[in-house]
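First up is the structure itself, then whatever we jot down about it.
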Amino acid sequence: MNLALLALTVLLVPPAERPGPLPSGATRLVTGQLVTPVGDSVTVSDLPTEAKLSPDGKTLAVATGGAGAHRVYLLEPSTGKIRQDISLSRSQLAQLCWTRDSKTLFIGGGNSGKIHQISLTDDGVALPKDPIVLVGKSYQGGLALSQDEKTLFVSDLESASVRAISLPGGTETARASFTPEEKPASLTLSPDGATLYAALWSSDRVAELDSTTLTVKRTLTVGAMPSAIVATDRRLFVACASADTVFVLDSQSGQVQEKLKLSLAPGTPIGATPTALALAPGGKKLLVACSDLNAVAVIDVETVGKSVIKGFVPTAHYPSAVAFTEGGRKFLVGSAKGLGTGPNPTPPGEKRYPYITTLLKGLLSTVETPDSKQLAIWTKQVLINNPVSKNLPRRNSSPVPSKLGDSSPIQYVLYIIKENRTYDQVFGDIGKGESDPNLCLFGENVTPNHHALAREFVLFDNLYASGEVSVDGHHWSNGAYVPASRQKTWPAQYGAKGAPPIREGDFNDGLATPPAGRLWDVAGRAKIPYKTYYYHTLKNHSPAWTEARNRGERDYVAADIFIKELTECEKNNNLPRLMVMALSEDHTRGTTVGAPTPQAAVASNDLALGKIVEACSKSKFWPKMAIFVIEDDAQNGPDHIDAHRTVGLVISPYTRRTGFLDSTFYNTTSMLRTMELILNLPPMSAFDASATPMHAAFTDKPDPTSFVCRPAKIDLNAKNGSVAYGAARSKKFDFSKPDQLSLNDEDALNRILWHAVKGKNAPYPGITRRPWFGKSGHSTVREGDDD
């Protein structure tokens with residue numbers, strides 16, 4: 001099958017009006033993709049980490065390690081039905097190992113400091129055994145059992161080492177150490193047991209170790225972020241998540257035989273993300289979990305050096321585990337996020353609504369291994385689910401180009417990333433589009449500039465943050481892609497199960513870096529001048545801004561630093577073409593005693609935005625300028641359409657369209673795509689490549705009228721008192737910098753904000769998620785609509 005040709009000929013379905021279930025039976029994600037999983041499915045905790053069939057073929061084990069309960073599930077291989085499940089303390093990134101007699105199962109314990117053990121009786125009943133306790137702090141990334149079953153090999157991301165642990169005593173007998181920049185993760189033994197392979201997760205290499213001494217024999221160069229390994233007598237298959245490629249190496253020479261690229265069409269940016277592998281009995285067929293395609297690739301590997309990618313099988317959201325059963329006649333797929341967050345009904349007898357990560361559910365799907373005819377049908381569906389690119393024609397001679405290389409009258413872009421607010425929390429009272437005043441926390445009395453900008457320029461009521469929380473939200477916001485290492489660790493982190501050993505806020509950490517880098521990296525490679533006012537990077541940064549942030553300056557004060565530098569640029573005629581800024585005070589510090597009240601914090605953020613826009617609009621650069629504003633994520637505040645729906649603005653002479661409402665389905669990557677087209681920058685991933693550009697928001701008739709900043713309507717220096725609602729709980733939160741709170745903390749903060757603004761007796765509304773379909777079934781744009 002010529003996948004490239006098929007990708008070009010498949011007609012793309014029009015974008016849904018809202019994310020959620022569609023009449024066709026598919027579900028549209030906030031990423032814009034469709035998911036149409038096949039097979040018989042059961043729901044489990046989120047983020048299956050690995051699936052492994054017992055040697056006797058009678059039990060299929062699956063571990064989970066996400067935000068929800070960490071468990072190991074034991075399934076009937078033929079049906080995929082759950083026979084038994086056992087609770088685990090923690091099992092992030094857990095790999096599984098069976099003994100040859102299928103009586104004992106070892107399960108990696110994440111950062112619990114333990115290796116879990118399960119024993120099976122003759123009747124197949126699983127019983128927990130005492131865990132093996134590791135010495136010292138650790139974060140397990142991989143697990144393998146020696147051929148003589150006397151040693152467990154454990155990779156530890158915390159100490160950047162691979163450790164040999166004796167059985168049954170649990171004593172460490174050997175250790176291989178690596179640099180912190182390598183972080184060994186997934187482990188696999190060679191069939192003869194003599195060689196242990198360790199994926200150096202934050203690099204592009206696999207370490208080959210002597211399994212007796214753990215000395216490193218050699219390192220093998222593969223692709224970025226090796227995440228799974230399968231070893232045979234002759235070959236080594238390595239799934240490289242950040243290279244969209246499975247590398248096939250000769251086991252003896254270590255030379256690369258083949259590179260199996262899993263992009264859906266030639267030239268497609270990163271966005272397949274292979275994270276798990278399964279080799280069929282007999283070694284003729286390889287399955288690859290392509291996490292960001294929501295699909296499993298089926299590859300014919302029977303002939304050495306002549307592998308063939310046969311097609312794709314559609315799955316649920318973010319497949320993260322795969323295993324053959326029934327002698328290869330069936331296989332199981334574990335998907336990390338199921339069908340997305342979905343609706344959140346109130347549990348019986350309760351008033352509280354669940355936080356976003358508690359709504360993520362894993363899905364285990366048992367699938368009949370398809371023949372060529374069925375695989376062709378499923379492959380076509382995967383291509384429909386994942387549009388390869390979307391260069392839409394310009395509307396009304398829009399200043400946003402339709403493709404790279406076309407010119408734009410806009411020369412300067414300021415991109416402002418804010419923190420954690422939903423649409424209804426800010427614009428619920430705006431009286432236009434899909435807005436609910438009952439859910440408004442920071443309305444016009446707190447955010448007069450946001451409201452004025454939305455009225456004088458364009459109001460977007462169908463714009464969604466691509467991320468669920470801030471860890472993945474910032475990756476989406478500046479890189480259009482979340483590395484597999486972050487997707488597989490942030491749920492447990494937000495589930496209050498501990499952060500991974502990744503340097504928070506350090507975008508140079510190998511486990512936190514998207515393959516294409518960040519938006520400013522792309523600009524740098526294109527020789528486009530840029531400057532950052534952003535707490536996650538020091539690249540071409542404003543030292544004064546960084547120092548002010550380190551001092552804890554308020555947003556409305558920090559804004560003066562940007563305005564001063566803008567004035568200098570006017571004098572010298574050297575304004576950078578791209579500026580990226582973080583305005584984060586709208587995160588608030590809850591009701592922490594002595595801190596600004598939530599309203600004062602959001603009002604400070606609002607005033608900063610108004611001052612910055614006014615200064616830009618009065619500068620000589622304004623006729624050729626556009627300002628893009630979005631929240632990094634919506635952090636599950638109340639919104640009557642969807643928890644991902646968020647506050648976004650596009651401010652330019654070309655968007656000064658009083659009363660204009662754009663209800664086109666957009667997300668974070670739509671905004672990035674629009675900026676890329678303006679600046680003639682290539683997309684960073686398949687997500688921004690396929691996102692809908694914001695053509696509809698722009699007009700070809702610019703109005704250069706400057707914006708007048710509205711003064712704050714409330715006291716910006718108002719402080720929380722000791723009797724403020726939630727003050728004691730807020731005191732315990734880590735507000736040292738944004739995005740340090742756990743799932744429980746974020747949920748508590750949402751409630752504190754609600755009651756601090758609405759009153760302690762106001763019922764907490766929760767968060768609504770539902771499908772929404774317009775009359776036409778297509779995106780809509782309405783002008784002057786005051787309904």
query = Restricting the first residue to segment 591-619 and requiring it to be under 18 Å from residue 427 (Cα atoms), which pairs with a second residue that is buried (at least 24 other Cβ atoms within 10 Å of the Cβ) and of a type in the set (Lys, Arg) meet a Cβ separation below 8 Å and a spacing of at least six or different chains?
reply = 602/421; 605/418
key: In segment 228-246, residue surrounded by the most Cβ atoms within 10 Å (Cβ to Cβ) [restricted to those that are in contact with a Pro (Cβ under 8 Å, 6 or more places away or on another chain) and within 18 Å of residue 283 (Cα to Cα)]   = 239
query = For residue 627, are the conditions met, namely being of a type in the set (A, V, I, L, M, F, W, C), open to solvent by less than 10 Å² (accessible area, probe 1.4 Å) and at pLDDT below 90?
reply = no
inquiry  = Restricting to segment 72-118, count the residues that are within 14 Å of residue 51 (Cα to Cα), of a type in the set (A, V, I, L, M) and within 27 Å of the chain's Cα centre (by Cα).
reply    = 5
key: residue 711 being touching a Pro at 6+ places or on another chain (Cβ under 9 Å), part of a loop (DSSP other than H, G, I, E, B), at pLDDT 75 or above and closer than 30 Å to residue 388 by Cβ   = no
request  = Confirm whether residue 620 is at pLDDT 95 or above and among the charged types (D, E, K, R).
outcome  = yes
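Just checking, how many residues over segment 455-486 are polar (S, T, N, Q) and either modelled with pLDDT under 90 or part of a helix (DSSP H, G or I) (or both)? Spell out the reasoning first.
Pass one, segment 455-486, residues polar (S, T, N, Q): 462, 466, 470, 477-478, 485.
Among the residues that remain, those that are also either modelled with pLDDT under 90 or part of a helix (DSSP H, G or I) (or both) are: 470, 477-478, 485.
Selection size over segment 455-486: 4.
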request  = Give segment 81-100 a look and list any residue that's part of a strand (DSSP E or B) and open to solvent by 60 Å² or more (accessible area, probe 1.4 Å), or say none.
outcome  = 82, 83, 85, 87
request  = Search segment 563-585 for residues that are closer than 21 Å to residue 520 by Cα and pair each with any residue that is acidic (Asp, Glu) when their beta-carbon atoms are under 6 Å apart and the residues are at least 6 apart or on different chains.
outcome  = 583/555; 584/419
query = Of the numbered conditions (1) modelled with pLDDT of 95 or more; (2) over 26 Å from the mean Cα position of the chain (by Cα), residue 292 satisfies every one except a single condition; which is it?
reply = (2)
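For (1) open to solvent by 30 Å² or more (accessible area, probe 1.4 Å); (2) modelled with pLDDT of 70 or more, each residue gets a yes or a no:
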| residue | (1), (2) |
| --- | --- |
| 700 | yes, yes |
| 716 | no, yes |
| 722 | yes, yes |
| 730 | no, yes |
| 772 | yes, no |
| 775 | yes, no |
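Applying the selection to segment 153-164, what residues are surrounded by 22 or more Cβ atoms within 10 Å (Cβ to Cβ) and among the aliphatic types (A, V, I, L, M)?
Going residue by residue through segment 153-164, those that are surrounded by 22 or more Cβ atoms within 10 Å (Cβ to Cβ) are 153-157, 162-164.
Matches in segment 153-164: 154, 157, 162, 164.
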message = Being among the charged types (D, E, K, R) and either in a loop (DSSP other than H, G, I, E, B) or more than 24 Å from the chain's Cα centre (by Cα) (or both) is the filter here; which residues of segment 404-430 pass it?
response = 406, 419, 421, 429
message = Looking only at strands (runs of 3 or more DSSP E) that lie completely in segment 619-706, which have at least 1 residues being of a type outside the set (Asp, Glu), under 29 Å from residue 588 (Cα atoms) and out of contact with any helix residue (DSSP H, G or I) (no Cβ under 9 Å at 6 or more places or on another chain)?
response = 660-663
ask   = How many residues are assigned to a helix (DSSP H, G or I), under 27 Å from residue 711 (Cβ atoms) and open to solvent by less than 60 Å² (accessible area, probe 1.4 Å) when one looks only at segment 532-556?
value = 6
key: Failed condition for residue 76, given (1) in contact (Cβ under 8 Å) with a residue 60 or more places away in the chain; (2) open to solvent by 20 Å² or more (accessible area, probe 1.4 Å); (3) not aliphatic (A, V, I, L, M)   = (1)
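Of everything in segment 409-440 that's more than 30 Å from residue 620 (Cα to Cα) and among the charged types (D, E, K, R), which residue is most open to solvent (accessible area, probe 1.4 Å)?
Here is the first cut: in segment 409-440, the ones more than 30 Å from residue 620 (Cα to Cα) are 420-440.
Of the ones still in play, those that are also among the charged types (D, E, K, R) are 421, 424, 429, 432, 434, 436.
Working: 421: 7, 424: 0, 429: 59, 432: 21, 434: 41, 436: 34 Å².
Once the filter is applied, the top-ranked residue is 429.
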request  = Go through (1) open to solvent by less than 40 Å² (accessible area, probe 1.4 Å); (2) more than 23 Å from residue 450 (Cβ to Cβ) one by one and return the number of the condition residue 559 breaks.
outcome  = (2)
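The values are calculated or read from the model by the stated rules, or taken from the named source; none is laboratory data. Everything numeric in this text was worked out from a predicted model, so none of it was measured. So basically every Cβ, Gly included, is an ideal-geometry build from the backbone, and we count neighbours across all protein chains shown. Heavy atoms of the whole protein, side chains included, go into the accessibility calculation; ligands, DNA and RNA do not. Shrake-Rupley method; radii C 1.70, N 1.55, O 1.52, S 1.80 Å.
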